[in-house]
1. Are any residues in segment 100-139 charged (D, E, K, R) and under 11 Å from the mean Cα position of the chain (by Cα), and if so, which ones?
2. Taking segment 184-243, which residues are of a type in the set (Lys, Arg), under 25 Å from residue 122 (Cβ atoms) and part of a helix (DSSP H, G or I)?
3. Yes or no: residue 43 surrounded by 18 or more Cβ atoms within 10 Å (Cβ to Cβ) and closer than 16 Å to residue 93 by Cα?
4. Give me the residue from segment 156-177 that is of a type in the set (Ser, Thr, Tyr) and in a helix (DSSP H, G or I) and, out of that set, surrounded by the fewest Cβ atoms within 10 Å (Cβ to Cβ).
5. Name every residue in segment 222-275 that is aliphatic (A, V, I, L, M), over 17 Å from the mean Cα position of the chain (by Cα) and farther than 27 Å from residue 69 by Cβ, in order of residue number.
6. Is it the case that some residue within segment 178-190 is surrounded by fewer than 18 Cβ atoms within 10 Å (Cβ to Cβ) and more than 19 Å from the chain's Cα centre (by Cα)?
7. Identify, from the list 286, 249, the residue that is within 30 Å of residue 168 (Cβ to Cβ), assigned to a helix (DSSP H, G or I), among the acidic types (Asp, Glu) and in contact with a helix residue (DSSP H, G or I) (Cβ under 6 Å, 6 or more places away or on another chain).
8. Taking only segment 49-66 into account, find how many residues are under 11 Å from residue 98 (Cβ atoms) and at pLDDT below 95.
Amino acid sequence: MHVELGTRSYPILIGAGLIARAELFREHLKARDVLIVSDTTVAPLYLGSLKASLGGKRIVEVILPDGEAHKTLPNVSRVLDILVANRFARDCAILALGGGVIGDLAGFVAACYQRGVNFVQVPTTLLAQVDSAVGGKTGVNHPGGKNLIGAFHQPVLVVSDTQTLATLPARELRAGLAEVIKYGLIFDAAFFAWLEAHLEQLLTADREALTHVIRRSCEIKAAIVGRDERELAERALLNLGHTFGHALESATSYKEYLHGEAVGAGLVMAAAMSRECAFLAPEAYERVHRLIERAGLPTRARSVTPDAAFEHMRIDKKVLGGRLRFVLLRGIGEAFVTADYPAPALSRTLAAHCGGVS
């Protein structure tokens, strides 16, 4: 499929064994010089195969430590130093081989280096394949908040090799499902119902089921990005659960939760706040809570106090005019953005889901 952005449109390729398909890279990646950015977990598994598919190009690699805690400006500087030291010109390409952390960081480097160079996403986690590798959001974390430093910079190609999910730890697979569930909650009630019926297949990494959710998630996101690339309106809906989730990540210094785990808890909290505001029926909230719980994702944050969560939410990117906006739900498949909510609804939500409650 394609993300339609005029002259910056690009394909998303989904299938098993794509990393080993040299002809795909020959067709879509014309750069002679390629910097591959990966991490210590993914590189031993797939870097060799990827380099073989890029035969004939000058390849330089940089391997970063694994984990959200390493999505930082010092590591951006490290990658930029390597580009400069190897005299990469504006016609080079940066290729991200890994999950969301590597994709976000490498994409930000590509946006900055010589004011923008070509960028390829080769996502190897479910979360990256369904969400972060598509849409051009790049960036790094700051101790004060998640993804506060970044840029919009679209890739020229996304290669989602579903075979890489066979080596994905169960915890990472569950984390990716949070973003999949998010798409059903925001736009597609029928997809949410499909997830309720087929969750066990997904948890056992059934390839057909995973391919279906990757494709459907990408269809939804590609359509939205094509209409609202820079999050001026509709794209903000993709942040359902993320205002809460980002606060949990930053409050724990990015060390306790995987991104998808924090989003899972955030989805429950967004549904709970929607119920508190009388936007969402109690039975719909129960469906959200039950599916997140069945997916093995957290539904609350015991180690983060309500006050700490709120303080980190105040620096969220969705704060405008001093008012914190939320993506909330009117029903399964029906989300909206609002800054018009009773303050006690937020306080009750945080009190019920943060700080060691049972």
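The values are calculated or read from the model by the stated rules, or taken from the named source; none is laboratory data. Predicted model only: the values in this text are computed from it and were never measured. Every residue, glycine among them, receives a Cβ derived from its backbone with ideal geometry; neighbour counts consider all protein chains shown.
1. Answer for segment 100-139, where residues must be charged (D, E, K, R) and under 11 Å from the mean Cα position of the chain (by Cα): 104, 131, 137.
2. Within segment 184-243, 207, 215, 216, 221, 235 qualify.
3. No, not satisfied.
4. 167
5. Within segment 222-275, 232, 233, 271, 272, 273 meet the criteria.
6. yes
7. Among 286, 249, only 249 is within 30 Å of residue 168 (Cβ to Cβ), assigned to a helix (DSSP H, G or I), among the acidic types (Asp, Glu) and in contact with a helix residue (DSSP H, G or I) (Cβ under 6 Å, 6 or more places away or on another chain).
8. 0
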